[in-house]
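Engineer: The structure follows.
Just so you know, all these numbers are worked out from the coordinates, no wet-lab data involved. For clarity, every value in this text was computed on a predicted model and none was experimentally measured. Here the Cβ positions follow ideal geometry from the backbone for every residue, glycine too, while neighbour counts run over all protein chains shown.
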Amino acid sequence: MPELQQLHAGHAPAVLSFELANRAYFAASVTDRGDEFYDQFADRYSALLAEQEAGVCVYHVLVAEDGSVLGRFNLYDVEDGTARLGYRVAEYVAGRGVATETVRALCRLAAAKHGLRTLRAATARANAASHAVLTKAGFVPVGPADPADLGGKPGTWYQRDLSIQP
């Protein structure tokens, strides 16, 4: 059974494998991270852990029984009971409800462990799968997203009040 775990240093090799294996798949719906991301992965990963230690962000990975990463589920810009949600799942588990169930679990965790009251997420208009995940996880559209927030693509902001269980 996959387990949602808070990111730690030991996850680095599996996270890099996940990102490399799914790079083309992700690039089809979100802006590619570019070669620099992979070339400087160790430094970037250390920076993520430092952000998490500082309480600015909380990063999670969905880990399969074999230790591989099935997805990343992150809370960004944690402040005053609110955070932004970002997520991505491996191509081979996409369309199976993995993202929806894990976003729901992260919503419960965000409220119970991190004291958050509201989550926000932006998704590109063309990313129908992400719109479905957010809607099924209890998020509601709250307005247009600035294309600058989505790699130049038009989109929508969604929000979820964590005191309401879908």
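Engineer: Compute the length gained on full extension between K113 and A27: take 0.36 nm times their separation in residues and subtract their Cα-Cα distance, giving the result in nm to one decimal.
Structural biologist: Numbers: separation 86, 0.36 × 86 = 30.96 nm, distance 3.22 nm.
Going from the current span to full extension adds 27.7 nm.
Engineer: With contacts defined as alpha carbon pairs under 8 Å and 6 or more residues apart, what's the relative contact order of the chain in percent?
Structural biologist: 19
Engineer: With viscosity set to 1.567 mPa s at 4 °C, what whole-number translational diffusion coefficient in µm²/s follows for the chain from Stokes-Einstein and a Kirkwood radius over Cα pairs?
Structural biologist: 80
Engineer: Ok, one more. Distance in nm between label sites at A105 and F37, each 7 Å beyond Cα in the beta-carbon direction?
Structural biologist: My value for the distance between the label points is 2.3 nm.
Engineer: Given +1 on the Cβ of Lys and Arg, -1 on the Cβ of Asp and Glu, and no further charges, what dipole in debye does the chain carry about its Cα centre, rounded to the nearest 20?
Structural biologist: That gives the chain a dipole magnitude of about 700 debye.
Engineer: Still on this structure, please answer the following. What's the extension gain from D161 to A50 if we count 0.36 nm per residue and subtract their Cα-Cα distance?
Structural biologist: Going from the current span to full extension adds 37.2 nm.
Engineer: Between the DSSP loop rule and a limit of at most 12 other Cβ atoms within 10 Å, which trypsin sites (Lys or Arg not before Pro) in region 48-111 are left?
Structural biologist: R96
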